[in-house]
Amino acid sequence: MQQLSVRHLLGIKDLTPADIALIFETADNFKEVLSRTIKKVPSLRDITIANVFFENSTRTRLSFELAEKRLSADVINFSASGSSVKKGETLLDTVNNILAMKVDMIVMRHASAGAPHFLSRHIKANIVNAGDGTHEHPTQALLDSFSIRERYGEVAGKKVAIIGDILHSRVALSNIFALKKLGAEVMVCGPITLLPRYISELGVKVELDVRKALAWCDVANVLRIQLERQQMKYFPSLREYTLYYGIDKKLLDSLNKEITIMHPGPINRGVELSSDAADSHHSIILNQVENGVAIRMAVLYLLASQVA
């Protein structure tokens with residue numbers, strides 16, 4: 001059996017193009033499994049996985065839990081809001097207590113960038129980063145690139161515009177790394193206050209006009225405004241943001257070509273995307289959600305083969 005070059009999935013930056021190809025090939029097989037009447041396989045029936053979430057999540061948490069159960073793993077769900085973390089327990093103590101219950105793998109989301117990397121140096125269990133601060137969200141980027149591949153046959157040569165709050169987005173950074181490794185051209189677009197200062201050093205194009213970005217791209221991955229991570233005002237109002245950067249069906253229909261609309265969710269309808277755009281034939285947003293389960297099954301299955 002082929003193996004990943006890494007023991008943990010901490011970020012796309014650590015993966016090789018061969019790793020990504022192996023994950024996609026494995027996800028293809030699991031997507032076929034998910035289309036069957038019986039959607040469960042016994043691949044991880046001897047593995048125990050803990051979902052350790054220190055931040056709120058709906059899609060990612062449900063997607064990982066469903067992937068784990070489809071693989072027949074034993075699953076433990078941990079939420080910081082009702083735990084001893086509120087009493088002052090450290091991250092390492094919390095995780096070590098979970099591992100003392102003979103857990104093999106940890107899927108973790110944390111508000112601090114680098115938290116999964118810190119843990120990987122102190123514990124033996126395999127770790128999957130489900131989002132760390134504004135740093136990376138590797139499985140989201142994998143499912144996004146997988147969805148582009150499914151739509152177009154390949155990612156190489158495609159023009160992808162990432163539009164919105166780039167500054168606070170872990171999805172944007174992971175997507176840039178994944179798309180570049182797979183041979184796509186990448187553009188970021190948003191208000192200049194929401195673009196990281198050195199973003200062009202990652203080898204991406206920078207555009208401030210959303211209409212020009214849409215005219216350039218084959219795929220637009222639209223990100224929400226992450227107000228919960230903003231400590232100051234980066235633009236006058238949501239209404240003004242929508243006026244200049246909101247995408248609706250009328251704008252899409254005005255283009256001289258067909259493009260694909262993606263969104264990692266949750267959508268702020270009427271802000272970055274109107275309902276008629278999000279629900280149009282341009283959109284593959286629900287395909288992304290479906291593909292998320294197959295991609296996470298693939299990641300867990302491949303990492304489980306390295307469980308000590």
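The values are calculated or read from the model by the stated rules, or taken from the named source; none is laboratory data. In this text, all values refer to a predicted model and were calculated from it rather than measured experimentally. Note that each Cβ is placed from the backbone with ideal geometry, even for glycine, and that neighbours are counted across all protein chains shown.
Inspect segment 265-276 for any residue being assigned to a helix (DSSP H, G or I) and either of a type in the set (F, W, Y) or in contact with a helix residue (DSSP H, G or I) (Cβ under 7 Å, 6 or more places away or on another chain) (or both) and give the result as yes or no. Scanning segment 265-276, I find at least one residue that is assigned to a helix (DSSP H, G or I) and either of a type in the set (F, W, Y) or in contact with a helix residue (DSSP H, G or I) (Cβ under 7 Å, 6 or more places away or on another chain) (or both), so the answer is yes.
Kindly indicate whether T58 is touching a residue at least 12 places away in the same chain (Cβ under 8 Å), within 19 Å of A294 (Cβ to Cβ), surrounded by fewer than 17 Cβ atoms within 10 Å (Cβ to Cβ) and hydroxyl-bearing (S, T, Y). Yes: the conditions hold for T58.
Within segment 195-216, the set of residues being charged (D, E, K, R), in a helix (DSSP H, G or I) and without any contact (Cβ under 8 Å) to a residue 24 or more places away in the chain comprises E201, K212. Restricting to segment 153-184, and then to whatever is of a type outside the set (V, I, T) and over 25 Å from L9 (Cβ atoms), can you tell me which residue is surrounded by the most Cβ atoms within 10 Å (Cβ to Cβ)? Looking at the filtered set, the residue picked out is A161. Would you be able to tell me the number of residues in segment 278-308 that are under 21 Å from the mean Cα position of the chain (by Cα) and of a type in the set (G, A, S)? Here the count works out to 6.
Within segment 277-303, take every residue that is part of a loop (DSSP other than H, G, I, E, B) and out of contact with any helix residue (DSSP H, G or I) (no Cβ under 7 Å at 6 or more places or on another chain) and give me the one that is farthest from N126 (Cα to Cα). Among residues in segment 277-303 that are part of a loop (DSSP other than H, G, I, E, B) and out of contact with any helix residue (DSSP H, G or I) (no Cβ under 7 Å at 6 or more places or on another chain), the one farthest from N126 (Cα to Cα) is H281. Comparison of F118, F177 shows that the only residue that is among the aromatic types (F, W, Y) and either modelled with pLDDT under 95 or in contact with a Gly (Cβ under 7 Å, 6 or more places away or on another chain) (or both) is F118. Scanning segment 185-215 for residues that are surrounded by fewer than 18 Cβ atoms within 10 Å (Cβ to Cβ) and under 26 Å from K257 (Cα atoms) turns up G203, K205, V206, L208, D209, R211, K212, A215. Considering A113, A100, A125, the condition of being farther than 30 Å from L167 by Cβ, aliphatic (A, V, I, L, M) and modelled with pLDDT of 85 or more is satisfied by A125 alone.
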